[in-house]
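Reading through the structure tokens given below for one structure.
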Amino acid sequence: MKLKLKIPLCFFDLETTGVNITQDRIVEIAVIKLMPNGDILEKKNLVNPTIPIPAESSAIHGIQNDDVKDKPTFKELAKDYAKFFEGADLSGFNILKFDVPVLVEEFLRAGVDFDYSRKRIIDSQRIYHLMEKRNLSAAYQFYCLKKLEDSHTALADTRASMEVLLAQVERYENQAVTDGLGHPIGILKNDPDELHKLTSSAMIDLAGRMILNHKGEAVFNFGKHKNKNVLSVLKEEAAYYDWMMNGDFSLDTKRRLTEIKLSEFKK
């Protein structure tokens, strides 16, 4: 199918040193520019981020520090990419939450004007979520082949959630499960312990402010210390504990944070 374009549409994706929009940097950029006449132009670069690439990020995209040490920085590429994006709209998967903000940050650091407010942004993930619902009613229809009557009443929703889980286990039992990046994370088994590991084992507090990383270490899952070891942060920045304890965080989060802090004294 051909898109009805009046101006070019640039599909793009970034690989980065991490997921912090303000602190992390681009290590690879790829852009496909779809022209109104159907022509396709491509542009891509490995990028020297000027900061180390963490091992956990390299494990995801496969780009090591040695791969980019002799590559141009984004500042050196910025004007060229700004020109490539010029006069075009933007598209990609999940670009609104991550790729566009990171790209804009990089352009600003490079001192290059990139006025995204004048561009239309089309996020295919948003369309996916709008068209393929991910609520209980949709799951009930998909797995149980029944329409959920009296949805948003406690008993009906509870019964439906039970039937959905039973149908999921029947459908997927003994199948391998991967994360969003295709990495194996386990086997779906008819066993509550295994189901818990797949769905909740990384969670520390119910609000998700702290999680277990792939090494089983407690790390922050938000803010300036995202993905950093909780105990290490509390040791290096003692005031951060007080800030959280006095902040607008759930009592459960504060309790779990205190438990982690006290665990250091029990060793």
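The values are calculated or read from the model by the stated rules, or taken from the named source; none is laboratory data. Bear in mind that the values here come from a model prediction, so they are computed numbers and not experimental data. As a convention, Cβ positions derive from the backbone with ideal geometry for all residues, glycine included, and neighbour counts pool all protein chains shown.
Computed values, structure above
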item: Yes/no for VAL19 being β-branched (Val, Ile, Thr) and modelled with pLDDT of 95 or more; result: no
item: Candidate set: the stretch 72-97, residues that are under 21 Å from PRO49 (Cα atoms) and surrounded by fewer than 17 Cβ atoms within 10 Å (Cβ to Cβ); chosen: the one modelled with the lowest pLDDT; result: LYS97
item: Pairs where the first residue, in the stretch 174-199, is at positive phi and the second is at pLDDT 85 or above, C-beta under 6 Å, 6+ apart; result: GLY186/VAL177
item: Where GLU149 falls short, out of the listed (1) more than 24 Å from THR22 (Cβ to Cβ); (2) of a type outside the set (A, V, I, L, M); (3) surrounded by 11 or more Cβ atoms within 10 Å (Cβ to Cβ); result: (3)
item: Qualifying residue in the stretch 241-248 (condition: in contact with a strand residue (DSSP E or B) (Cβ under 6 Å, 6 or more places away or on another chain), part of a helix (DSSP H, G or I), outside the structural domain of ALA59 (by TED's automatic domain parsing) and more than 29 Å from ALA55 (Cβ to Cβ)); result: no
item: Residue match in the stretch 14-34 (condition: assigned to a loop (DSSP other than H, G, I, E, B), free of Cβ contacts under 8 Å to residues at least 40 places away in the same chain and in contact with a strand residue (DSSP E or B) (Cβ under 8 Å, 6 or more places away or on another chain)); result: no
item: Test set (1) surrounded by 14 or more Cβ atoms within 10 Å (Cβ to Cβ); (2) modelled with pLDDT under 95 - LEU46 fails condition number; result: (2)
item: Filter result (of a type in the set (Phe, Trp, Tyr), surrounded by fewer than 17 Cβ atoms within 10 Å (Cβ to Cβ) and modelled with pLDDT of 95 or more) within the stretch 228-267; result: TRP243
item: ALA202 being loosely packed, with under 14 Cβ neighbours inside 10 Å and free of Cβ contacts under 8 Å to residues at least 40 places away in the same chain; result: no
item: Test: residue in the stretch 55-68 that is within 23 Å of GLY111 (Cβ to Cβ), among the acidic types (Asp, Glu) and surrounded by 15 or more Cβ atoms within 10 Å (Cβ to Cβ); result: no
